[in-house]
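To start, the structure under review is shown below, and the notes come after it.
The values are calculated or read from the model by the stated rules, or taken from the named source; none is laboratory data. Just so it is clear, the structure is predicted and the values come from calculations on it, not from any experiment. For neighbour counting, all protein chains shown are included, and Cβ atoms are generated from backbone atoms with ideal geometry for every residue, glycine included.
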Amino acid sequence: MTFQYEYPHPAVTTDIVIFTIHDERLELLLIKRKSEPFRDQWALPGGFVEINEDLERCALRELAEETGLTGIYLEQLYTFGEPGRDPRERVISVAYYALVPPDRIGNISAASDAREVGWFQLDSLPPLAFDHKQIVGMAHRRLSAKLNYSTIALQFMPEKFTLGDLQKVYECILGEKLDKRNFRKRVMTLDCIKDTGEYRRNGSYRPARLYAVKTPGHVEFVR
């Protein structure tokens, strides 16, 4: 016998913020909604948690169903529960996010209740459904903050790279130019890269020193 509660209960959803870097620009994965509310408006992938499903499994399922994207390591971001955030009913959403290298994305395709799926530059997003603009903003701030204490940017580096190459990734995520000297000091304090003893020649400029990740298997977000 199923127990019936006297009081109404909120529904629970998951929303997923997927970032990547393409042509030195930070991009976001969005789906165009097929159904009301906000039909034909762009939104984050996500949906309702099934009764016997845990939160992360729901997020991964919805991401696969709506975009075809699988095998992504997600990190929980925040819980959004403002009353009225969903016009259908009282809905609480647990948001997840990830930064994914382009070579790990593969093909994406809209399915389930998504009419279209596509990548959008973060600095020129279309109007978003629900409170997804707020969710994206928090995810970007969290991602930017992680640069100060994690190795997250290194997953975009080739086997050997210059500090200038790495600085471009940081600037792409932060959306701002960085002071070269201060950037190099900060990276070195993380103790996550090593000098290969090799150099890259750049035309008439002084050769640039090449570095490599100390422990490639421990780069954050790559699992």
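A few comments on the model shown:
- Only strands (runs of 3 or more DSSP E) whose full extent lies in the stretch 111-223 are considered here, and the ones with at least 1 residues that are of a type in the set (Phe, Trp, Tyr) and more than 30 Å from residue 40 (Cα to Cα) are 193-202, 205-213.
- For residue 63, the test of being hydrophobic (A, V, I, L, M, F, W, C) and not in a loop (DSSP other than H, G, I, E, B) is passed.
- Any chance residue 77 is under 18 Å from the mean Cα position of the chain (by Cα) and either crowded, with 20+ Cβ neighbours inside 10 Å or closer than 21 Å to residue 156 by Cβ (or both): yes
- Screening the stretch 146-156 for residues that are among the aliphatic types (A, V, I, L, M) and within 13 Å of the chain's Cα centre (by Cα) and picking the one that is surrounded by the most Cβ atoms within 10 Å (Cβ to Cβ) gives 153.
- Of the numbered criteria (1) over 19 Å from residue 173 (Cβ atoms); (2) of a type in the set (Asp, Glu); (3) touching a residue at least 40 places away in the same chain (Cβ under 8 Å); (4) surrounded by fewer than 16 Cβ atoms within 10 Å (Cβ to Cβ), the one residue 86 fails is (4).
- From 62, 50, residue being in contact (Cβ under 8 Å) with a residue 12 or more places away in the chain, of a type in the set (Asp, Glu) and in the same structural domain as residue 126 (by TED's automatic domain parsing): 62
- Every residue from the stretch 1-51 that is over 21 Å from residue 89 (Cβ atoms) and in a loop (DSSP other than H, G, I, E, B): 1, 23, 24, 40
- Test: residue in the stretch 21-43 that is in contact with a helix residue (DSSP H, G or I) (Cβ under 6 Å, 6 or more places away or on another chain), surrounded by 14 or more Cβ atoms within 10 Å (Cβ to Cβ) and of a type outside the set (A, V, I, L, M, F, W, C): no
- Residue 141 assigned by TED's automatic domain parsing to the domain that holds residue 90 and without any contact (Cβ under 8 Å) to a residue 40 or more places away in the chain: yes
- Just one of the listed residues (134, 167) is at pLDDT 95 or above and surrounded by fewer than 17 Cβ atoms within 10 Å (Cβ to Cβ), namely 134.
- The stretch 35-49: number of residues that are in contact with a Ser or Thr (Cβ under 8 Å, 6 or more places away or on another chain) and over 14 Å from residue 97 (Cα atoms): 3
The rows are residues; the columns are (1) at negative phi; (2) small (Gly, Ala, Ser); (3) crowded, with 16+ Cβ neighbours inside 10 Å.
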position	(1), (2), (3)
60	yes, no, yes
67	yes, no, yes
71	no, yes, no
82	yes, no, no
114	yes, yes, yes
129	yes, yes, yes
143	yes, no, yes
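- With respect to being in the same structural domain as residue 36 (by TED's automatic domain parsing), surrounded by fewer than 18 Cβ atoms within 10 Å (Cβ to Cβ) and either at pLDDT below 95 or among the small types (Gly, Ala, Ser) (or both), residue 175 falls outside the description.
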